[in-house]
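Take a look at the structure set out below.
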Amino acid sequence: MNIIKKLLLSVFFFTSCTELFSQDYDLNFIFVINENVNPSISSIKLKRKLENKLIKEYSLLYSPGSLKIDSLSFNEITSMQENYNYTLSVSYNEVCKDDINYYHFDIEDFKIGWLNNYYFIMYVYNTNKKEYKKYYNPIKDRDFTYEYDSPDGSMRRVKRR
């Protein structure tokens, strides 16, 4: 009985310590995809290109208004922001009648400073869709464009008339 108590206490202590040291950063980040504030995002990653052409990936968790990243990854990313290029890679799907359409976009000029804002709202438009194709020019060699709002400022694309 004494061994079981020690074992249970050890397990409890270990899980408490790992939870204490592996806290997530909860960033106020909102994606609005094709004017949908609650997009069905299936995967979101931040990718960093290393010198040897390998890519290091950081998995993120997203729910509307909340982008979570573990503290070790966040500290690593923000301490090296000047030395690396980052890409935000997002996969999402849309239900259209009886079909599910899968989409993917890569924001290749993602700025790490965007994670340090009080809030960040990114608007993404799929330029393959008729309603956005007539107003927005896609990013070169891509089928989407994006805009954003933050306390540091906004960025808007020139719209077609």
Practice prompt. Determine how large the accessible area of Lys129 is when every protein chain is in place; take a 1.4 Å probe and give Å² rounded to the nearest 10.
Written response: 50 Å²
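I want the local charge near Tyr125. Using Cβ-Cβ distances under 14 Å, sum +1 for each Lys or Arg and -1 for each Asp or Glu among the other residues.
Counting the neighbours of Tyr125, the net charge comes to +4.
Can you pull the percent of the range 29-120's accessible area that's carbon plus sulfur, 1.4 Å probe, other chains left in place?
Reported share for carbon and sulfur atoms: 48 percent.
Where Lys and Arg each count +1 and Asp and Glu each count -1, what net charge lies around Tyr148 among other residues with Cβ under 15 Å from its Cβ?
Net charge around Tyr148: -3.
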Worksheet item: With the other protein chains left in place, how much accessible area per residue, in square angstrom, belongs to the range 108-161 at a 1.4 angstrom probe?
Response: 66 Å²
Discussion item. Could you give each residue of the range 110-116 its phi-based ³J(HN,Hα) in whole Hz, using Karplus coefficients 6.51, -1.76, 1.60 with θ = phi - 60°, and x for Gly or Pro?
Written reply: 5, 9, 4, x, 4, 6, 8
Worksheet item: Roughly how many Å² of Glu131 are accessible to a 1.4 Å probe, to the nearest 10?
Response: 90 Å²
Worksheet item: If r is the Cβ-Cβ distance from Glu57 to Val158 and R0 is 25 Å, what FRET efficiency results, to the nearest 0.05?
Response: 0.15
Discussion item. Given contacts defined as C-alpha pairs under 8 Å and at least six residues apart, what's the relative contact order of the range 33-79, whole-number percent?
Written reply: 25 percent
Worksheet item: Looking at Asn93, Ile139, Ser59, which one has the Cα that reaches farthest to the positive end of the dipole of the range 49-146 (charges on Cβ: Lys, Arg +1; Asp, Glu -1)?
Response: Ile139
Worksheet item: Taking Lys47 as the anchor, which lysines have their alpha carbon closer than 23 Å to its alpha carbon, excluding any fewer than eight residues away along the same chain?
Response: Lys56, Lys68, Lys111, Lys140
Worksheet item: Given H placed on each backbone N at 1.01 Å, which residues far from Gly65 in sequence or on other chains put an amide H within less than 5 Å of it?
Response: Phe29, Phe31
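The values are calculated or read from the model by the stated rules, or taken from the named source; none is laboratory data. Predicted model only: the values in this text are computed from it and were never measured. Neighbour counts are summed over all protein chains in view; Cβ atoms, including those assigned to glycine, are modelled from backbone coordinates with ideal geometry. When the accessible area is computed, the model is the full protein with side chains, heavy atoms only, and any ligands, DNA or RNA have been set aside. Shrake-Rupley method; radii C 1.70, N 1.55, O 1.52, S 1.80 Å.
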